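Structure first, then comments.
Read the figures in this text as sums done on the coordinates, not as results from a lab. Remember, predicted model here, so these are calculated numbers, not experimental data. Positions of Cβ are backbone-derived with ideal geometry, glycine not excepted, and every protein chain shown enters the neighbour counts.
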Amino acid sequence: MNYLIHLLIYLDIYVIVALSLNLVVGYCGMLTLAHAGYFALGGYVYALLAITLGWSFFPALLAAILIATIVSLAVSLPAWRLKGDFFVLGSLAVQALLFSLFYNWFDPQAPLGSWSNLTNGPFGIAGIPKPDVLGYNVADPISFLILATLLTVICAGIFWRLKASPWGRVLIAMREDELAARGLGKNTRLLKVQALAISCGLVAVAGALYASYIGYLDPSSATLNESILILSMVLVGGVGNFRGPIVGAIILITLPELLRFLHLPDAQAANLRLACYGLLLVLMMHFRPQGISGEYRLK
Amino acid sequence: MQILINGFISGIAIALLAMAFQMVYLPTRVLFVGLAGLYTLAPYLFQMGASELGGWMGGLLVSLCGVVTLAVLFEWANHAPLTRKRASEGAHLIASLGLYILVVQVVAMIWGNETRTLRTGLDVTYAMGDTILTQSQLLMGGVGLLLLLAVLAMLYLTDIGLRLRALADNPTQFALYGYNVDAHRLLAFALAGVLATAASLLTARDIGFDPHTGLNATLLAIVAVIIGGRTSLIGPIIGGLLLGLIRAQVVWQFSARWQEAVTFLVLALFLLLRPQGLFGRETRIETTVK
Amino acid sequence: MLRAEGLKKRFGGQVVLDGVDLELRRGEVVLLRGENGSGKTTLLNILTGNLEPDAGTIRYQADDTPRTYRFPRHWWQELNPFDHFTPEFVAKEGVCRTWQDIRLFNGQTLRDNIVVAEPDHAGERPLFALFAQGHVQRTEQEMHQRADAMLVRLGLAGRESSSADKISLGQAKRVAIARAVAAGARVLFLDEPLAGLDHSGVTQILELLERLVREQAVTLVIIEHAFNHIHLHGLVTTDWLLENGKLVPNGHAAQRTEIHHIYPWMEFFIDDASTVIDEPLPNGARLTRIRRSDRAVQNEEAVLDIRHLILKRGSRVVIGLDDEQQETGFNLRVFKGEIAVLQAPNGWGKSSLLAGISGLIPVFQGDILLGAKPINRLPVWGRVREGLHLIPSDHNVFPDLTAQEALRLAGQQDAIAELGILARRRSSELSGGQKQRLALLAEPNWATPQLRMFDEPFANLDIAAIRAAAQQILSQTTNAVLIALPSTT
């Protein structure tokens, strides 16, 4: 039972991640590999505020969203200049930068949270408190699941409303033909900034949830492998609509659980899981480039 | 002086891989991230060959054959079919990334995750004035430089090179001249395989290797290509050398752990201020249909 | 409405615009004329913010707040996000354009295609979309009604929710114009609005344009191929002629330049004892078979035999429609010894046809036989090695290779001497005429060709060069020649 709850919480977290990425990949047509960086950023901000300043859940969450939104400029400004493949590379650079910040911003002599040791580097931050919502400590799995589901529903609602709004329509117009959209007076640069800011803000929510659930955070959650996992969810499920990313998140969360039944040694199992993701990506590109239930093929 | 030479030599390694990347990118417009998989595989095959066939010749033979076969396989089974389906650039990139993950994980499953080295014991060092060079560095500098020159000579002096440049320049017209585009693409991938093997083995001898070195090296190479100019064949070499020098300076001035950050900062600066790179041409705005 | 002074633009070493001055007044309908390659499209791209000129001034005053851009711009101007010279800023000044290839938003419905263009929609701000849904929805409804009314006027009633790639070419062009108007265009630049349309399509576009001018006083600037100029006569109030990088205004009597557009190719191909056979092809195209006395013609032996061919670009059939617009397939035979000249209006699909024959685009349906051998399944290079040559109309050189390298690649080493000093130059540094000459010289030279195809081989050439090009085409031995040219009538 606890195992099922654990799985559902994971699913909640990754549904938020996949939906937020879908906003960029599916509605702007831009492949970004920096998303794990923002996921981790949300987690780090939350963890630091909760541990060192003792903030409760919602204020810390808001701060995480705010900071991720601001830092999203690091991807959205290059997107003005870079198109297609080279945007992917640019986002990869941002990813590497964020990872290197999390990994290197530490000093064994200084206490955690001070200016010279913000992230505790490769050792990670341990002992992140469980969410403290309006004085109630969400410690047991069931209530955490409720909190996570609540946040997921809110994020999905935001996504849904934006997607159906005139703003979502301009995004699609930009994705279909950026130059034509600009020729109609649409400020596509602003649109990209907005879309990436919203997307990064949403993924920070997921990051904060993750950090508070696991209670431990290290730079490995900001690696490229993590970005690729997130991207595979969106691409396997399909982009450009609401259900695609959710389908993808479900598949990629449950698939490794199935591999567990093979009883492989731990190290082998991790490798096998990643190998499966790789193979899955290749096969998807060949046989169903729009994803399992997506509407839009990448340009 | 020491820093300069260190930087220059590591720059050559970057330049080799950047050249491999460009070898595929220019004629096929595929961002060949799978290159990182080839880079990862090479030293393992070398070790296997060296122990089975004996000696570094055997290792070289096995790793070259293996990597080139895999590179050709990537094109034949993945990129060529995708191109026939008129798949997008993004699909090529994702599929290539998928192949990279697959190769790396398989390598890790077979040979394990720990770091290894191709060298036994300490490296021989040579002192020249106040600079000290290891044998690996000399090897990398010498062989790398020779290979780069050989590739340039091949591209600019031979018929095959002319054809590869033509394919890069205007693939449609190349086909209309009656040349087999598919075969030349295979050739480009094979050449990339050779260069990647060289870069990988030379680096592995110097600083060792594990299954995850490939991606970082390839990212550096891609940065070098962007700095040098993505439409140019000389660009990646200059970009690679420049990057090597900058990174050596960073190690000297700050610490090795900020190398990546500075590298990507340099990339960001280039993307903002000179997106076409040092040797690239400015491209016209896309107003006509492709 | 719009005034520009001293606009200059060069590409590589080639000066395209050399000090263009122009002024556009409210309600004017301008026909921008000029030879191929004279820079019409470049000028349009500059005036609509798609391309930055090297020098000059542009002043937009379509609305109350005029805006002036001076070129070259300083790099620090790029740092101010509200002062860019880009299509979106120019569009906000009321200057919009349509595209030759239409560029509707294909993933969206027709209604959305028009609604999306509406300027200053509150719902396009994400915060409004999230928190002021009621307000947004009210504006949405008004806009939907306006868009639906617009679609009814375009004759697309009931098609509001159909996807933009499912309508005909003429309808798509009308929707594109309506979209630009919905975006608030006071000045509208039209890039070949009539290309590829049949008679009724042309009429409908003209009606729409006339109504825009009459009811909304929209100012129009039209680029159109010479053979469509005749349709525009009632509409156009001003003529601009672009010549040698300068604009000659008000050349109402300047009909003479259009004579240049009629290629004098006929006299170069026909000798005294030639037989000329004219055959009609579907949709206003014409095939002229020239049988010269110095080449034996075997009527029985078809070098090229095309049967029931259907070619598609996206989901639109480009080749294979008959006069009733039914998909019956395209048929064409070229016999041994002939020079076949295919003349078709722009947008008819000449280039697509040649691309389909040579394998550059896939055949949707039908057969292509070269000397009785089916070649459908051969790749492009396989067809070339079988003796099927194509010299395309553009992008037919290797920009980064020198001319002599290109000739070496084609196996035409002997021709290097002919180019003289040009041989050492890179192709991107050659002028349009020189490029064309190089492309004709650098025809692949592997075996005796069966069929040599030329797509608009005389574009960008003057009379002397056309004569030389015709000689070049005639000089090589071959079984048959197929030349595609734009219609002149």
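Summary of values
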quantity: Normalised contact order of chain C, rounded percent, pairs of Cα under 8 Å and 6 or more residues apart; calculated: 14 percent
quantity: FRET efficiency, A:SER114 to B:ARG29 (Cβ-Cβ, R0 51 Å, nearest 0.05); calculated: 0.60
quantity: A:CYS200, C:CYS96, B:CYS65, A:CYS155 arranged by Cβ crowding within 10 Å, fewest neighbours leading; calculated: B:CYS65, A:CYS155, C:CYS96, A:CYS200
quantity: At 1.306 mPa s and 10 °C, Stokes D of chain A from Kirkwood alpha-carbon radius, µm² per second; calculated: 81 µm²/s
quantity: Reachable aspartates and glutamates, given that their alpha-carbon falls under 12 Å from the alpha-carbon of A:LYS163 and they are not under 8 places away in the same chain; calculated: C:GLU124
quantity: Span-like helix ranges in chain B, DSSP H, alpha carbon extent 20 angstrom or more, Kyte mean at least -0.5; calculated: B:2-28, B:35-49, B:55-74, B:89-111, B:135-157, B:181-207, B:213-228, B:235-253, B:259-273
quantity: The stretch C:330-489 - percent relative contact order, Cα under 8 Å, separation 6 or more; calculated: 34 percent
quantity: For chain C, size of Cβ-based charge dipole, Lys and Arg +1, Asp and Glu -1, in debye; calculated: 540 debye
quantity: Radius ratio Rg over Rh of the stretch B:2-212, counting only Cα atoms, Kirkwood formula for Rh; calculated: 1.00
quantity: Helical contribution to [θ] at 222 nm, DSSP H n ≥ 4, -39,500 (n - 2.57), averaged over the protein assembly as shown, rounded to 500; calculated: -16500 deg cm²/dmol
quantity: Theoretical FRET efficiency, 1/(1+(r/R0)^6), r = Cβ-Cβ of B:CYS65 and B:TYR126, R0 35 Å, to 0.05; calculated: 0.60
quantity: Rel. contact order, % - alpha carbon contacts under 8 angstrom, at least six apart, the stretch A:2-221; calculated: 42 percent
quantity: Under-5 Å amide H pairs with C:ILE483, H placed in peptide plane, nonlocal only; calculated: C:ALA340, C:VAL341, C:LEU342, C:PHE454
quantity: Size of charge dipole - chain A - debye, nearest 20, with Cβ of Lys, Arg +1 and Asp, Glu -1, no other charges; calculated: 1020 debye
quantity: When each of C:LYS40/C:LYS246; A:LYS186/B:LYS85; C:LYS92/C:LYS166; A:LYS83/C:LYS435; C:LYS9/C:LYS246 is checked by Cα-Cα distance, pairs over 22 Å; calculated: A:LYS186/B:LYS85; C:LYS92/C:LYS166; A:LYS83/C:LYS435
quantity: Cα extents of the stretch B:163-290 along the three principal axes, largest first (Å); calculated: 54, 36, 21
quantity: Coarse-grained scattering of the stretch B:105-202 at q = 0.18, 0.23 Å⁻¹, given as base-10 log I(q)/I(0) from a Debye sum over alpha-carbon atoms; calculated: -0.94, -1.17
quantity: For chain B, the longest site-free run once GluC sites (Glu not before Pro) in DSSP loop states with at most 13 other Cβ atoms within 10 Å are removed; calculated: B:115-281
quantity: Dipole of chain B [Lys/Arg +1, Asp/Glu -1 at C-beta], most positive-end residue of B:ILE238, B:GLN105, B:GLY49; calculated: B:ILE238
quantity: Given charges at beta-carbon only (K, R positive; D, E negative), |dipole| of the stretch A:176-299 in Debye; calculated: 360 debye
quantity: Calculated Rg and Dmax of the protein assembly as shown using C-alpha coordinates, Å; calculated: 31.4, 104
quantity: From phi via Karplus (6.51, -1.76, 1.60), per-residue ³J(HN,Hα) for the stretch C:384-394 in Hz, x at Gly/Pro; calculated: 4, 5, 6, x, 10, 9, 9, 10, x, 7, 9
quantity: Proxy reagent accessibility, fewest Cβ within 10 Å first, across A:ASP218, C:ASP198, C:ASP191; calculated: C:ASP198, A:ASP218, C:ASP191
